[in-house]
Amino acid sequence: MKKRILTGDRPTGPLHLGHFVGSLQNRVLLQEEYDTFIIIADVQALTTNFDRPERLAEDVRQVALDNLAAGLDPGKASIFIQSLVPQIAELTVFFSMFVTVSRLRHNPTIKTEAGAYGYTDMTYGFLGYPVSQAADILFCRADLVPVGEDQLPHIEMTRFVARRFNELYAGVFPEPEAMVSRVPRLVGLDGQAKMSKSLGNCIYLSDEPSRVAEKVMNAVTDPARIHKTDPGHPEICTICSYHDAFNQAEHGNTVEMCRAGSIGCVACKKRLLQVLEGFLEPMRERRAMYSKPGLLDEILETGTERARREGEATMEKVRSAMGMDYFGGAR
Ligand code: TRP
Ligand code: SF4
């Protein structure tokens, strides 16, 4: 039996190259080896976007298309919508009975995010979303969870929930392990530490070729280079770090030529653009293919249906472990 992985995203906007490098690329490889579930966490998106649910439908579509465009294969990975799997909500309620408020308040990611959003008080749903995320992972009894480092406290919570449930009632859940991405974070177009939608420094997977070209050609480079023969400092240049991330084979050479002043920034950017387009273009083709009327809905319905079946199998074990299978197991 294949091991199972579960991972996914909040649908809060289109995915960018930072997501591709940090997670999507890895998912595409993992689907060959693992039984793969990809969650589109629309309920979790409500923790911060509860006042604008009207954007969710479009964001869910875009995030699903971003995953498919990156190479997730619906024949290998089940892509599903969190809110349409009621067993996740059921598990969240059961788990919330034995997770204390102080454990949630001490969660470092919750603290950081609350600070970033400037929350002076927190909603019940925001404070409790790590419990809901544990249910996202445990409903299908996943073994592994590929995530970025910031998600580690949530995986710890998930392991705690699994362990505690098993102690309290019966051994239903495996303790899933985090599979942390070791790829360095992609810097933003403006040279800031992180490519991020809120900083407005992203190349989106769905950007048109002309947008990508405009963004790359306008990116900040080494400010000390005025003439193309000036020796450069590639270690502080955004474009150089993109060569590192997307054009490994030529990275060393680019660094040397930049230092020697034997390549100009325009030529260096044009080369990067060629490399980027080498994989963005196939993504656009896959996006167009999956955008055919009805196809995306069908993929999401099939993935969600499978998630519900797994969720119901888990709920049967949960009810039986807790002695809550009141009518002999049949509901
Ligand atoms: N919290 C994750 C993020 O912000 C998204 C997410 C929701 C998730 N449920 C998950 C990730 C379960 C991994 C497993 O990116
Ligand atoms: Fe950056 Fe390339 Fe210009 Fe060097 S030549 S500063 S690496 S864009």
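The values are calculated or read from the model by the stated rules, or taken from the named source; none is laboratory data. The structure presented is a predicted model; accordingly, all values stated were derived computationally and were not measured. Every residue, glycine among them, receives a Cβ derived from its backbone with ideal geometry; neighbour counts consider all protein chains shown. Please note that ligands, DNA and RNA were not included when accessible areas were found on the heavy atoms of the full protein model with its side chains. Shrake-Rupley method; radii C 1.70, N 1.55, O 1.52, S 1.80 Å.
If you check Thr304, Thr314, Thr254, Thr221 for being in contact with a helix residue (DSSP H, G or I) (Cβ under 6 Å, 6 or more places away or on another chain) and within 16 Å of ligand 1 (Cβ to nearest atom), only one passes: Thr304. With the structure loaded, tell me whether Asn49 is more than 17 Å from Leu205 (Cβ to Cβ) and modelled with pLDDT under 95 or whether it fails that test. Criteria met by Asn49. Could you grab me the full set of residues in the range 102-116 that are among the hydrophobic types (A, V, I, L, M, F, W, C) and within 14 Å of Phe160 (Cα to Cα)? The one that is among the hydrophobic types (A, V, I, L, M, F, W, C) and within 14 Å of Phe160 (Cα to Cα): Leu104.
Listed here are the residues, each with its yes/no results for (1) within 9 Å of ligand 2 (Cβ to nearest atom); (2) surrounded by fewer than 16 Cβ atoms within 10 Å (Cβ to Cβ); (3) in a loop (DSSP other than H, G, I, E, B).
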residue	(1), (2), (3)
Lys228	yes, yes, yes
Cys240	yes, no, no
Val255	yes, no, no
Arg259	yes, yes, no
Ile263	yes, no, yes
Val266	yes, yes, no
Leu273	no, no, no
Pro282	no, yes, no
Leu296	no, no, no
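Just one residue in the set Leu24, Leu6 is open to solvent by less than 30 Å² (accessible area, probe 1.4 Å), in contact (Cβ under 8 Å) with a residue 12 or more places away in the chain and touching a strand residue (DSSP E or B) at 6+ places or on another chain (Cβ under 6 Å); that residue is Leu6. Hey, among the residues in the range 66-115 that are without any contact (Cβ under 8 Å) to a residue 40 or more places away in the chain and not in a helix (DSSP H, G or I), which one's most open to solvent (accessible area, probe 1.4 Å)? My answer is Met97.
Here is a yes/no grid of residues against (1) in a helix (DSSP H, G or I); (2) under 28 Å from Ala69 (Cα atoms):
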residue	(1), (2)
Glu235	yes, no
Ala245	yes, yes
Pro293	no, yes
Thr304	yes, yes
Gly323	no, no
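Residues that are under 19 Å from Met283 (Cβ atoms) and touching a strand residue (DSSP E or B) at 6+ places or on another chain (Cβ under 7 Å) within the range 175-196 comprise just one, Met195.
Scanning the range 129-144 for residues that are assigned to a helix (DSSP H, G or I) and in contact with a Leu (Cβ under 6 Å, 6 or more places away or on another chain), we see that the one that is surrounded by the most Cβ atoms within 10 Å (Cβ to Cβ) is Ile137. Of all positions in the range 161-179, at least one carries a residue that is in a loop (DSSP other than H, G, I, E, B) and under 22 Å from the mean Cα position of the chain (by Cα).
Within the range 149-164, being among the β-branched types (Val, Ile, Thr) and within 12 Å of ligand 1 (Cβ to nearest atom) holds for Ile155, Thr158. Just to be sure, is Phe327 part of a loop (DSSP other than H, G, I, E, B) and either free of Cβ contacts under 8 Å to residues at least 40 places away in the same chain or of a type in the set (A, V, I, L, M) (or both)? Taking the combined requirement at face value, the residue satisfies it.
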